[in-house]
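The structure appears below as C-alpha cells.
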Amino acid sequence: MKITKPGLFVVLLLALFAAPVLAGDMILQKNGKWFPNPIPEGTEPTIEDLQKSTITIVDEDYDNIWYKFEGVASRQKLETAKVRRIVHGEIPERYREAVAAMENFDFPTALAAFDEIAKNKRVYTKNWVRMYALYNIGKIYQEGKGEWANAVAAWDRLEAEFKKSKFLPEALVKKGLAYLNMQQEDKARAAFGQLERLPGLPEAEKMEAKYWLIKINLIKGQTTGNAALVNQALGEFQRLLQEVEGKADLEEVAILARLGIGDCMLALEKYDEALSFFQKIAGSSEDPDVLAGAFNGLGLCHFKREEWKDALMAFLRTVVLYDTNPEQTAMALFYAGKSYTLAKGDEWKERARSLFNECIAKYGTSAWAKRSREEGLPATR
C-alpha cells in the first residue's frame, strides 16, 4: 500500500526552523501556555524564542516530560498529560533528512535513516530522537506501506527499547489494529488488554482500549454469524456510551461508541435504525476519521437495502473527501466497486474495475484488496 495524497501522513518533529544555534526547547501545555518562555496564545515560537529558551528536553515517557534548565544538572519533570505539543530547537540534520524523505513518500530512504538514528546511541544521545525515529518507522509500515507484520515488529521494538515511551499507548492501539488486519483477533485482544492495564493511563485512553476490546467481540460475531455476540457487543457499546457521554475529554470515545452501536445495528440487519444513527453522526462531526466511519456506515445501510446509487455516493465520499484511515478507505473502495457491479450498464462495470484495481494497488495486503481480487471482473474490449 502506498499513500498517494499529501497531508495523510502526520510527520513528527517537522523541521520548521533553520537549525538555530544554541537553541533550547519549548513546551505547549494543554492550558494553552508555552513553557518556559510565555508567548501569546495561538502563536508559534520563533527562532528567537527558542534561542531564549533555558530548557532542554532529555527524555519523554507516557508519565512525564523530563527536561533540564540551562546550567543545572538535575532533571525536572512535567506531566505528559498536561502537554499538548513540543517544539525542539535543535533537530539532528539526519533526522531532518528522514522527515523530508517520509514527507515525499520515499519510504526506503526514510526507513534507512530512521533505523540508523535509532541504532546509534553514541551520536544521538538524546533519548527522544531515537524514540521518535522508532515511532516513525512504525508509522511508515502501518500507515504508509500497510505492511502489518513489519508494523507489529516496529511497535515491539519501540516498546522493548523504550518501555515507558510516551508513544506506548498509541503503539499498542496500532499494534492491535495491525493484528486485526491480519485477522489475528487473539493477539489484537492481548494488545488492547495490555493498553487497558497500563498503570497511570489517562481515562480517555483506557476507555479507548475498552472500545477496541468490545469491537473485537463485534468482529467475531460478524464473521461467525453469531447474533448473540453482536447483541452482547451492542449492550457493551451502549454502556460505554453512557459512561463517557457528556464528558468533554471523552468525546472521541463517545463518538467511537456511537459508531460501534451503528455497526451492531447493521450486523443485526436493523438498517433503518442504523441509517438514522449514522446520519446523526455524519451531521455532528468535523473529524475526517469519524466522517469516514459514518459515511461507510451509511453506504453499508444502503448497500444492504440494495440501493446501489445511494451506497455508491456514500462510499465515494469517504474515498474522495475523508481518505485519512487506510482501513476505512480500503473498505470504501471495495464497496464502491461492488455497488458499481450491481448497478446496470457496462460503463459502470468498467468503473468498478478501476476502483477494485485502486484498492489492490494501494492496500494490497488488506482483506479488502483480497476481496477486490476475488471479484475477477474481465476486462472490457
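For the reader, a short list of remarks on this structure follows.
- LYS166 passes every criterion in (1) touching an Asp or Glu at 6+ places or on another chain (Cβ under 6 Å); (2) over 30 Å from VAL129 (Cα atoms); (3) not aliphatic (A, V, I, L, M) apart from (2).
- GLU90 vs. criteria touching a Pro at 6+ places or on another chain (Cβ under 9 Å), touching a residue at least 12 places away in the same chain (Cβ under 8 Å), over 22 Å from THR56 (Cα atoms) and not basic (Lys, Arg): no
- Top-ranked residue in the stretch 120-142 [being of a type in the set (D, E, K, R) and over 30 Å from GLU327 (Cα atoms); ranked as surrounded by the most Cβ atoms within 10 Å (Cβ to Cβ)]: LYS126
- Pairs with Cβ under 6 Å, 6+ apart, first in the stretch 245-256 and touching a residue at least 24 places away in the same chain (Cβ under 8 Å) and closer than 14 Å to PHE277 by Cβ, second surrounded by 15 or more Cβ atoms within 10 Å (Cβ to Cβ) and of a type outside the set (Lys, Arg): ILE255/VAL290; LEU256/TYR211
- Selection within the stretch 146-169 - under 23 Å from MET331 (Cα atoms) and not polar (S, T, N, Q): GLY146, GLU147, TRP148, ALA149, ALA151, VAL152
- Residue among ASP115, ASP61, ASP106 that alone is over 18 Å from ARG157 (Cα atoms) and not aromatic (Phe, Trp, Tyr): ASP106
- Close Cβ contacts (under 9 Å, 6 or more residues apart or on different chains) running from residues in the stretch 189-209 that are without any contact (Cβ under 8 Å) to a residue 12 or more places away in the chain and closer than 21 Å to ARG258 by Cα to residues that are aliphatic (A, V, I, L, M) and assigned to a helix (DSSP H, G or I) comprise LYS206/LEU195.
- All positions within the stretch 351-381 that are at pLDDT below 85 and either over 22 Å from GLU327 (Cβ atoms) or touching a strand residue (DSSP E or B) at 6+ places or on another chain (Cβ under 7 Å) (or both): GLY376, LEU377, PRO378, ALA379, THR380, ARG381
The values are calculated or read from the model by the stated rules, or taken from the named source; none is laboratory data. Because the structure is a prediction, the values reported are computed rather than measured. Cβ sites come from the backbone with ideal geometry, for glycine too, and all protein chains shown count toward neighbours.
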